[in-house]
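For reference, the structure is listed below as structure tokens.
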Amino acid sequence: MTELTRHPEKLRRARDEDVPPKTTIYVNGWARGRDPNSWERPEVFEPERVMRSSVDTDGHDFEFMPFGEGRRICPAKNVAMAPTELALASLLHSFDWDLPEGMKKEDISMDEAPGITVHRRSPLVLVATEYGGVEVKDKPQC
Ligand code: HEM
């Protein structure tokens, strides 16, 4: 993708329209991840769907390319994946997670804020209880 951004002339004849040189091109990863031709019920938050699927993050499957593809693929893919998995696994292993008092599952908004990277519109507030029953005083925001 970086390759296309740097050398948009490669797309010149895309869809029979000229793309002028030096045009900045953004690949809409959000739309790709919600393409109903690739994913069943794409609007449903269902991370397990990638476990059932044969797609991987190596840049061969155009429906799921969090690290890009081709010769500009993220060179730190493995460096990024290991601590991400470790951090998430440690949080799940060490704490019970609950909603703040009075809040229901249906109250959680998964709305996203616009931007080059996707992030939540409103913070996710959870109560972490360490295994053994000790409630963590500073409620983390994920
Ligand atoms: C979960 C974390 C990360 C994600 C999702 C991610 C994703 C990406 C994506 C989508 C690209 C563009 C690939 C393309 O143009 O096709 C990229 C490029 C790049 N990433 Fe990452 N990245 C992550 C972490 C990191 C880390 C931790 C480093 C450095 C330690 C890093 C270094 C780079 C570099 C240097 C490039 C540019 C490669 C080039 O243009 O040749 N990334 N990354």
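If we scan the stretch 76-87, do we find a residue that is in a loop (DSSP other than H, G, I, E, B) and loosely packed, with under 11 Cβ neighbours inside 10 Å? Yes; the residues of the stretch 76-87 include at least one that is in a loop (DSSP other than H, G, I, E, B) and loosely packed, with under 11 Cβ neighbours inside 10 Å. Just so you know, in the stretch 56-86 the residues that are touching a residue at least 40 places away in the same chain (Cβ under 8 Å) and among the charged types (D, E, K, R) include one that is farthest from the ligand (Cβ to nearest atom), and it is R71. Selection within the stretch 102-131: residues that are part of a loop (DSSP other than H, G, I, E, B) and touching a residue at least 24 places away in the same chain (Cβ under 8 Å). The member of this set that is nearest to V27 (Cα to Cα) is I116.
Read-outs throughout are calculated quantities, based only on the coordinates presented, and are distinct from any laboratory measurement. Treat the numbers as computed from the prediction; the structure is a model and nothing was measured. Positions of Cβ are backbone-derived with ideal geometry, glycine not excepted, and every protein chain shown enters the neighbour counts.
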